[in-house]
1. List every DSSP H helix in the chain whose Cα atoms extend 27 Å or more along the helix's own long axis and whose mean Kyte-Doolittle hydropathy is at least -1.0.
2. Could you list 67, 550 so that the one with the fewest beta carbons within 10 Å of its beta carbon is first and the one with the most is last?
3. Would you work out the relative contact order for the chain, in percent, from Cα pairs under 8 angstrom that are 6 or more residues apart?
4. Calculate for the chain the 222 nm mean residue ellipticity that helices alone would give, adding -39,500 (n - 2.57) per DSSP H run of length 4 or more and normalising by residue count, nearest 500 deg cm²/dmol.
5. Against the globular-protein guess of 2.2 N^0.38 Å, express the Cα radius of gyration of the chain as a ratio, rounded to two decimals.
6. Counting only the backbone N, which residues of segment 377-417 are under 15 Å from the spot 7 Å out from the Cα of residue 183 toward its beta-carbon?
7. Strictly over 22 Å apart at the Cα level, which of 349/533; 193/274; 84/116; 141/178 would you flag in this model?
8. If R0 is 35 Å, what FRET efficiency do you get for residue 132 and residue 24 from their C-beta distance, rounded to 0.05?
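Just so it is clear, none of the values below were taken in a lab; they were calculated from the coordinates. For clarity, every value in this text was computed on a predicted model and none was experimentally measured. Cβ atoms come from the backbone with ideal geometry, glycine included; neighbour counts cover every protein chain shown.
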Amino acid sequence: MDKEQLEVMRHSLSHVMAQAVLKLYPNVKLAIGPAIENGFYYDFDLGEESFSKADLKKIEKEMRKLVGRDQKFEQFSLSIAEAKKLVADNPYKVEMIDDLEKEGEKEISFYKNIDKEGKEVFVDMCRGPHTASTKEVGAFKLQKVAGAYWRGDEKNKMLQRIYGLAFETREEIEDYFKMLEEAEKRDHRKLGKELDLFSFHPESPGMVFWHPKGMVIWNELEKLGKELRKKYGSVEIQTPMMAKNDMWITSGHWDHYKNDMFVFDVEDQTYCLKPMDCPFNILIYKTKPRSYRELPLRYTEIGRVFRNEKSGELNGLFRVRGITQDDAHIFMTYDQVEEEIASLIRMVKEYYAVFNLEPEFFLSTRPDDFMGEAKTWDVAESDLRKALEKEGIETYGIKEGDGAFYGPKIDVNMKDVFGRTWQVATIQLDFQLAGRFGIEYIDKTGKSQTPAMIHAAIFGSFERFTGILIEHYGGAFPVWLSPEQIRILPVSEKFDEYAKEVKENLVAKGLRVYVDNDSESLPKRIRNGEKTKIPYILVVGEKEVADKTVAVRKRGEGDLGPRPTEEFVELVVKENAEKV
């Protein structure tokens, strides 16, 4: 079954659920119920009451009755006035009709359910499409209840959202629940606590507290990023955390992004914590006259930015208020644009190959609130298309109207171990900001010209990417990323000296090693090491001391037996360097 058919089934199920809820709870007000990835939901206003788990079972039972009755879905349209009269007792539907009227709609689409006797048994406002009847909606299972503000605005009333799963077959639903069980085990928030990587605290909501082990992962990712940036010709800079709002007015962020910024006053001046790095990079560019011989000029920084995300949208490392980007801003002549974009695409491929992650590329085009001239945008979008094709990416998605307000972009998505899609890298072409800030370069003829700009982040958000990696690996990081790469377990205290000698040998090679000589039994210490997902556990006792060996246990493979110490050191050093 294709994606469109599945979406129609899921949307039809949201109507079946609304019909079931309305029958069981006649005073409920229906809000909105779309199809979503893996299923559907509907938002309900039940007044002061709340849906319970027992209620979900009742609703699902009623839904199955409705499905079995093979009710027909039938579309009809009403004028604005007739539509308002039909839903007059439902403020949510009336508000939606008012909005559609403002947008110029003359008629409103509805669907009604017709039973086998030809009687109308349910009506809901909807554009459709739907399946022919309730019997064609496939397999489903109600999943959970959650709070949801009407239209996602926390100033509005909190409604109750019932989520349902929907697939073509019952087997697919069972497989999905198995996947959810595995996802719970791999949840980065759970593993972050168990592996002592990071924490969150109510004193600083949406901000990550990185623990020593988490900082090891952070530093390794940062090191990889800096090495690749250097390889591709970037120079590193660092810029401040805040600036007066004058700069954000010039950049256009004040008009387009103000509500997402942290704003405060100091000595009668309005300041903002930076939500983006780009204007700061421009100020460095402006510090002296520039020649075409300097271009392309590729600045890169590990930039800390702050965005005022709504508290209800914060989600572990995936959605935070303090964001760290591997940011880059490239200044170039217009004839250098295509090659610079192509070079960044090559860098993206090289980054993600390290993690065995396959990037998916999308072209995000001109939004409604764009700055500049439409014809300039057309040229920019054409350059991005050419760069994609030049790098052999002939198949890419289109995100209509999803570009930044200052230029189109290439967004890079990746699927995690559960098939969820995340946007990670972004490559944004900008023909606007350079002109707004009045930056120039002197061309070959001695004339002043305005450069083009590219904004690019390859990991995107360090926080989000780390969360994805934790779940991707289930906390069992490859050797090069593991906070603790090797744990040495002396059988008893009389072998501590040999354990220390082995450790010093490994540490001298740049490896991260810990000696566990606690008083607990050896089997328990082995279990503790395995629980902490350490790549290698080395046991040393009398035989190992005599033979100058280590007894090796490898994560996922168990006991590998004794190995000469030097041979083991060589093996792990190679694995660490090659990022296997």
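1. 3-24, 212-231
2. Least crowded to most crowded, the residues run 67, 550.
3. Reported relative contact order: 10 percent.
4. Taken over the chain, the calculation gives -11500 deg cm²/dmol.
5. 1.18
6. Label zone hits: 415-417.
7. In this structure, 349/533; 193/274; 84/116 exceed 22 Å between Cα atoms.
8. After rounding, the FRET efficiency stands at 0.85.
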